[in-house]
Amino acid sequence: MDVDPSKILVRYNVQKEKAQTPEEMAAEMYPSEEPAKTIAAAIFEGEEDDVIEGLEKAIEGGADPIGLIDDVLMPGMKIVTDLYDQGVIFLPNVMMSADAMLDGIEFCKEQGAAPKAKGKVVCHVAEGDVHDIGKTIVAALLRAAGYDVVDLGRDVPVDEVIAAVKKESPMMLTGTALMTTTMYAFKEVNDRLLESGIKVPFQCGGGAVNQDFVTQYELGVYGEEAADAPKMADAILAGKGLAQLKESFHKH
């Protein structure tokens, strides 16, 4: 007798659900209406050309470029960061999506849109350290989340960091260091800022850096993951001060 085991499993309610792929999970999160759906899919796939094509069609159809940034591009990127937070996709996927979304923002700007940045963040790699992949990722994720980023580059002298903070008055400063010999520059940055009466949250991370080191200085907030940077900026925007940031982001 031929028996279909799947029917027996269904009968006893033990049939395993088919595991969803990241693409399927993303598709369930896309907006239902067009062109937002197509553009969100193009952002997820990191397809810059498809993002631009979708925006062109939307603008031809009378869509407002600034509205497309706020209502289509940013929510499309949020799907990506949400799936990253859940461990469904990984950093290379996020970077590809961020590039596609930022290209979309640039295209909308060329059409006359001038999005209002949520706030300004200064990013740098510690003096003496030339490893800038971490800082590059932090800057990309902050831009993708709608922040204006002043990227000072790698191996940035403490004097330059202080001068940039005084000039730009950012809501947050970020620093990355891959080498233990270079991370001590963060303590100097901290002390010099305090001497100048500047109490800006200073998010520090990178291969060499750990929470124990960062908690030694007043302005330091440890960011274990690059994705913590936009979350910290959002928390600052929501009114959280230094003590609350440390409470939220430090492991106790």
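Tabulated data
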| quantity | calculated |
| --- | --- |
| Formal net charge of residues neighbouring residue 153 (Cβ-Cβ distance under 13 Å; K, R +1; D, E -1) | -4 |
| Virtual spin-label span in nm between residue 210 and residue 24, 7 Å along Cα→Cβ | 4.1 |
| Karplus (6.51, -1.76, 1.60) ³J(HN,Hα), θ = phi - 60°, over the range 236-252, in Hz, Gly and Pro reported as x | 5, 4, 7, x, 7, x, 4, 4, 5, 5, 5, 4, 6, 9, 8, 7, 9 |
| Value of Rg to Rh for the range 95-252 (Rh from inverse mean 1/r over Cα pairs, i.e. Kirkwood) | 0.96 |
| Along principal axes, Cα extents of the range 21-110, largest first, whole Å | 37, 23, 19 |
| Neighbourhood charge, 12 Å Cβ-Cβ cut-off, centred on residue 249 and excluding it, Lys, Arg +1 and Asp, Glu -1 | -1 |
| Full-extension gain in nm, residue 252 to residue 179, via 0.36 nm per residue minus C-alpha separation | 23.8 nm |
| Phi-based couplings in Hz for the range 156-164 (Karplus 6.51, -1.76, 1.60; Gly and Pro marked x) | 9, x, 3, 4, 5, 4, 4, 4, 5 |
| 222 nm mean residue ellipticity, helices alone, for the chain (DSSP H n ≥ 4; -39,500 (n - 2.57); rounded to 500) | -15500 deg cm²/dmol |
| The range 46-90: proportion of alpha-carbon pairs further apart than 12 angstrom, % | 66 |
| Of 167/246; 120/167; 78/231, pairs whose Cα-Cα distance is over 18 Å | 167/246 |
| Peptide ranges 65-71, 173-179 listed from the most packed, as the mean C-beta count within 10 angstrom indicates | 173-179, 65-71 |
| Cβ-Cβ FRET estimate between residue 225 and residue 60, R0 fixed at 30 Å, reported to 0.05 | 0.15 |
| Cβ-based charge dipole, the range 120-249, positive-most Cα from 223, 158, 244 | 244 |
| Cα-based helix-to-principal-axis angle, 48-60 vs the chain, degrees rounded to 10 | 80 |
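Since every read-out is calculated from the coordinates, none of them should be taken as a lab result. Please read all numbers here as calculations on a predicted model, not as lab measurements. Positions of Cβ are generated from backbone atoms using ideal geometry, with glycine treated the same way; all protein chains shown enter the neighbour counts.
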